[in-house]
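J.: Below is a structure I'd like to ask you about.
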Amino acid sequence: MKVIASSLRKGNIVEFEGKLYAVLNAESFHPGKGTPTTQVDMRRISDGVEDREHQSLYQDSDGFHFMNTETYDQVTLPADIIGNQAAYLQPEMKVMLSVHEGVPVSIELPQKATLEVVETEPSVKGQTAASSYKPALLSNGVRTMVPPFVGPGTKIVVMTADGSYVERAKD
């Protein structure tokens, strides 16, 4: 299957020239003039990668611990494989781990996560809701922009790829 380079995300497994690669980072650039480009950092992995669902357990000095939901085997991922996605990792969250010969080589988080707004500025009267988002600090330490009606203590849904606001969580 062919994919558009700009649709590649961290954790994807790609076949290129007959070899498998794990995407470590993918960044798209859209200059004002000229052609948009996508820069992808990849690490070559051997063949025989399997995607398996795992459940997030906990984090300690060894890294992040996950349990295979079928066999109940536990695996540990070093922090560098997870990278900045670690902020969105929650206990008992279901993730997809790409495993090669029993060793996890990449992780894919769910597209969306529900987090609580810890701190945000009060909304200013007279602002139009369409264009005025305000900064907010989430319970995982990530800063994002939220609509004026969202206040501290509100649970919201964000995209795990970039932390952008999707909607107010439905409890």
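The values are calculated or read from the model by the stated rules, or taken from the named source; none is laboratory data. Everything numeric in this text was worked out from a predicted model, so none of it was measured. Please note: Cβ atoms are built from the backbone with ideal geometry, for glycine as well, and neighbour counts cover all protein chains shown. Side chains are part of the model used for accessible areas, which takes the heavy atoms of the whole protein and leaves out ligands, DNA and RNA. Shrake-Rupley method; radii C 1.70, N 1.55, O 1.52, S 1.80 Å.
J.: Report whether or not MET1 is among the aliphatic types (A, V, I, L, M) and under 26 Å from ALA87 (Cα atoms).
T.: Against the criterion (among the aliphatic types (A, V, I, L, M) and under 26 Å from ALA87 (Cα atoms)), MET1 does not qualify.
J.: Tell me which of these ILE82 doesn't satisfy, since it passes every other one: (1) under 12 Å from the mean Cα position of the chain (by Cα); (2) at pLDDT 90 or above.
T.: Among (1) under 12 Å from the mean Cα position of the chain (by Cα); (2) at pLDDT 90 or above, the lone unmet condition for ILE82 is (2).
J.: Another one. Any residue at all in the range 50-60 that's part of a strand (DSSP E or B), open to solvent by 60 Å² or more (accessible area, probe 1.4 Å) and of a type in the set (Ser, Thr, Tyr)?
T.: Yes, the range 50-60 contains a residue that is part of a strand (DSSP E or B), open to solvent by 60 Å² or more (accessible area, probe 1.4 Å) and of a type in the set (Ser, Thr, Tyr).
Each row is one residue, and each column tells you yes or no for (1) open to solvent by 90 Å² or more (accessible area, probe 1.4 Å); (2) out of contact with any Gly (no Cβ under 8 Å at 6 or more places or on another chain); (3) modelled with pLDDT of 85 or more.
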{"residue": "GLY18", "(1), (2), (3)": "no, yes, no"}
{"residue": "THR35", "(1), (2), (3)": "yes, yes, yes"}
{"residue": "THR38", "(1), (2), (3)": "no, yes, yes"}
{"residue": "THR71", "(1), (2), (3)": "no, yes, yes"}
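J.: If you don't mind, there's one more thing I want to ask. Give me the pairs: first residue in the range 1-28 and of a type in the set (S, T, N, Q), second residue loosely packed, with under 13 Cβ neighbours inside 10 Å, beta-carbon distance under 7 Å, and six or more apart or on different chains, which are they?
T.: So the pair list comes out as ASN25/ASP41; SER28/PRO36.
J.: How many residues are part of a strand (DSSP E or B) and not hydrophobic (A, V, I, L, M, F, W, C) when one looks only at the range 1-49?
T.: 12
J.: Now a separate question. In this structure, is SER98 at pLDDT 90 or above and within 16 Å of the chain's Cα centre (by Cα)?
T.: Against the criterion (at pLDDT 90 or above and within 16 Å of the chain's Cα centre (by Cα)), SER98 does not qualify.
J.: Can you pull out every residue in the range 130-171 that is among the hydroxyl-bearing types (Ser, Thr, Tyr) and touching a Gly at 6+ places or on another chain (Cβ under 6 Å)?
T.: THR144
J.: While we're here: So, of the residues in the range 20-32 that are over 18 Å from the mean Cα position of the chain (by Cα) and open to solvent by 80 Å² or more (accessible area, probe 1.4 Å), which turns out to be farthest from VAL49 (Cα to Cα)?
T.: Within the range 20-32, the match that is farthest from VAL49 (Cα to Cα) is GLY32.
J.: Is it the case, given these coordinates, that MET42 is under 30 Å from LYS155 (Cβ atoms) and either surrounded by 14 or more Cβ atoms within 10 Å (Cβ to Cβ) or in contact with a helix residue (DSSP H, G or I) (Cβ under 7 Å, 6 or more places away or on another chain) (or both)?
T.: No, not satisfied.
J.: Of all residues in the range 8-44, how many are out of contact with any Ser or Thr (no Cβ under 9 Å at 6 or more places or on another chain) and among the polar types (S, T, N, Q)?
T.: Of the residues in that region, 2 qualify.
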